[in-house]
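Written below as structure tokens is the structure these notes are about.
The values are calculated or read from the model by the stated rules, or taken from the named source; none is laboratory data. Just so we're clear, the structure is a prediction, and the values are computed from it rather than from any experiment. Cβ placement follows ideal geometry from the backbone for every residue including glycine, while neighbour counts extend to all protein chains displayed. Note: areas computed on protein heavy atoms with side chains; ligands, DNA, RNA excluded. Shrake-Rupley method; radii C 1.70, N 1.55, O 1.52, S 1.80 Å.
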Amino acid sequence: MFSGPEITTQLVGLGVSHVVWIPDTTLGTWESAFTESKDLELVQVCREGEAWATAAGLWLGGSVPIVVMQCTGFFESGDSLRNAIHDYQIPLYGLIGYRSYLNSATLPGDTCLTFTEPVVNAWNIDTYFADKLEKRDGGQAHFLQCRDSCSPGLFLMAEGKA
Amino acid sequence: MIELPEVLKFIQQRRGESFVFTTMGSAREWSKGDVQDRDFMYIPSSMGQLPALAMGFAMAQPTQRVIAVNGDGCMLMNLGSLVTISAQSPQNLVLCVVNNGEYEVTGHQPTVAHSSRRTSNSISFSEIAKGAGWRSSTSVSTIAELTACEEILFHNNGPHFIEFMVKPMAGDVAPRSPGPAPARARALRELGLALQQS
């Protein structure tokens, strides 16, 4: 949906200081653009729960982080997200890759297709779903809307080959 | 072994302008001392996430000393954070683990790292941190060793890992929230922003 340079340009334009992430096969293609950027610091963690806590610490210290992970990691990281976003009301923003969404006809057995949207909805976070290429740039306005209202937000990005 | 309050009192008396992050039992005991604006008692917590939280803060505030006091049960829940921190290598971060071998606040059950749960010796967190590539890692079990840690705790470039072998506290030792979590987060953010602009 985005090339590495495209997403890097958008994040820098939005004032993001740190990308806290674990890559997947789609998100991982952005790594070289992230690491080459002089305006973004890439923070790779070992497990996704760490990502929300690291981002929370960055935010507490005055930075503007974004969390980037696949939906499978989002499933794993729920308690950390709950604590940062709901207990402390830290307005973190996450970009979540929706595995197999664009391959749903050819990979119908991936249970990410069953659980991603219900799990995302369960966390009660304002979410923008870019389910097709034409909707991808709406994420910038959603990020700014969340920033201006000091609210957490998610950009759910369809992944796959279609 | 030493007492947890002795460790915390040592830090409180010498911390200067350091930011101090505590959680679970360390937060409970820290709140009995001289609490300052630069303290963040991480209650309620997502157990295991204090090292990541403190690392993020240390990265955002690279000129400020950041001391995190974690528990051994908490550390077991997120051992990967030791590798994450050594990769980022924030020089201003000190991670302390107060190791009493048990889940104190849930009723004193031994952790799986405790010798009673194992057929071999108990686990050394300081050795794990060494293997994870920390700049320095040490284990402290006496007052003399605690005193010898002063430079590492407050002055030397890190990141440093210190394991304090402490005695469990007796009785009902559940931590209490030090106040509304969102307000405490906003206050720390405002302080962080002010420091970035100064």
**Message:** Cβ-Cβ under 6 Å, sequence separation 6+ or interchain: first residue in segment B:26-37 and touching a residue at least 12 places away in the same chain (Cβ under 8 Å), partner part of a helix (DSSP H, G or I). Which pairs?
**Reply:** B:Glu29/B:Leu4; B:Glu29/B:Pro5; B:Glu29/B:Leu8; B:Trp30/B:Leu8; B:Gly33/B:Gln12; B:Asp34/B:Gln12
**A:Gly160 being within 13 Å of the chain's Cα centre (by Cα), surrounded by 15 or more Cβ atoms within 10 Å (Cβ to Cβ) and in contact (Cβ under 8 Å) with a residue 40 or more places away in the chain** = no
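Residue-by-condition table, conditions (1) farther than 22 Å from A:Gly13 by Cβ; (2) open to solvent by less than 10 Å² (accessible area, probe 1.4 Å); (3) of a type outside the set (D, E, K, R):
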{"position": "A:Met69", "(1), (2), (3)": "no, yes, yes"}
{"position": "A:Thr72", "(1), (2), (3)": "yes, no, yes"}
{"position": "A:Leu81", "(1), (2), (3)": "yes, yes, yes"}
{"position": "A:Ala84", "(1), (2), (3)": "yes, yes, yes"}
{"position": "A:Tyr101", "(1), (2), (3)": "yes, no, yes"}
{"position": "A:Ser104", "(1), (2), (3)": "yes, no, yes"}
**Asked** Within segment B:6-30, restricting attention to residues that are out of contact with any strand residue (DSSP E or B) (no Cβ under 6 Å at 6 or more places or on another chain) and of a type in the set (S, T, N, Q), which residue is nearest to the other protein chains (Cβ to nearest Cβ)?
**Response** B:Gln12
**The one condition in (1) in a loop (DSSP other than H, G, I, E, B); (2) within 13 Å of chain B (Cβ to nearest Cβ); (3) surrounded by fewer than 20 Cβ atoms within 10 Å (Cβ to Cβ) that A:Pro23 fails to fulfil** = (2)
**Asked** Across segment A:26-40, what is the number of residues that are open to solvent by less than 40 Å² (accessible area, probe 1.4 Å) and either on the phi > 0 side of the Ramachandran plot or in a helix (DSSP H, G or I) (or both)?
**Response** 5
**Request:** Output yes when any residue across segment B:85-103 is open to solvent by 50 Å² or more (accessible area, probe 1.4 Å), touching a strand residue (DSSP E or B) at 6+ places or on another chain (Cβ under 8 Å) and more than 14 Å from chain A (Cβ to nearest Cβ), and no when none is.
**Result:** yes
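Restricting to segment B:170-185, give me the number of residues that are over 17 Å from A:Ala84 (Cβ atoms) and either without any contact (Cβ under 8 Å) to a residue 60 or more places away in the chain or in contact with a Gly (Cβ under 9 Å, 6 or more places away or on another chain) (or both).
Start the filter on segment B:170-185 by keeping residues that are over 17 Å from A:Ala84 (Cβ atoms), which leaves B:170-176, B:178-179.
Then drop every residue that is not either without any contact (Cβ under 8 Å) to a residue 60 or more places away in the chain or in contact with a Gly (Cβ under 9 Å, 6 or more places away or on another chain) (or both), which leaves B:170-173, B:175, B:179.
The qualifying residues number 6.
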**Item:** Enumeration of residues in segment B:168-182 that are at the interface with chain A (Cβ under 9 Å from one of its Cβ atoms) and surrounded by fewer than 16 Cβ atoms within 10 Å (Cβ to Cβ)
**Value:** B:Pro182
**Message:** open to solvent by less than 10 Å² (accessible area, probe 1.4 Å), under 16 Å from the mean Cα position of the chain (by Cα) and within 14 Å of chain B (Cβ to nearest Cβ): which single residue out of A:Val43, A:Val64 fits that description?
**Reply:** A:Val43
**Request:** For segment A:132-153, state whether one or more residues are hydroxyl-bearing (Ser, Thr, Tyr), on the phi < 0 side of the Ramachandran plot and in a helix (DSSP H, G or I).
**Result:** no
**Asked** exposed (fewer than 15 other Cβ atoms within 10 Å of the Cβ), at pLDDT below 95 and not β-branched (Val, Ile, Thr) - does that describe any residue in segment B:189-197?
**Response** yes
**Prompt:** Counting only residues that are open to solvent by 20 Å² or more (accessible area, probe 1.4 Å), of a type in the set (A, V, I, L, M, F, W, C) and in contact with a Lys or Arg (Cβ under 8 Å, 6 or more places away or on another chain), how many does segment B:1-40 have?
**Reply:** 1
**Request:** Could you list, in sequence order, all residues of segment A:106-157 that are open to solvent by 30 Å² or more (accessible area, probe 1.4 Å), free of Cβ contacts under 8 Å to residues at least 60 places away in the same chain, under 20 Å from A:Thr25 (Cβ atoms) and among the charged types (D, E, K, R)?
**Result:** A:Asp131, A:Lys132
**Request:** Looking at (1) open to solvent by less than 10 Å² (accessible area, probe 1.4 Å); (2) within 14 Å of another protein chain (Cβ to nearest Cβ), find the lone condition where B:Met59 falls short.
**Result:** (1)
**Asked** Any idea how many residues of segment A:3-13 are open to solvent by less than 20 Å² (accessible area, probe 1.4 Å) and within 19 Å of A:His142 (Cα to Cα)?
**Response** 3
**Message:** Among the listed residues A:Gly15, A:Gly4, identify the single one that is within 14 Å of chain B (Cβ to nearest Cβ), over 26 Å from A:Gly78 (Cβ atoms) and touching a residue at least 24 places away in the same chain (Cβ under 8 Å).
**Reply:** A:Gly15
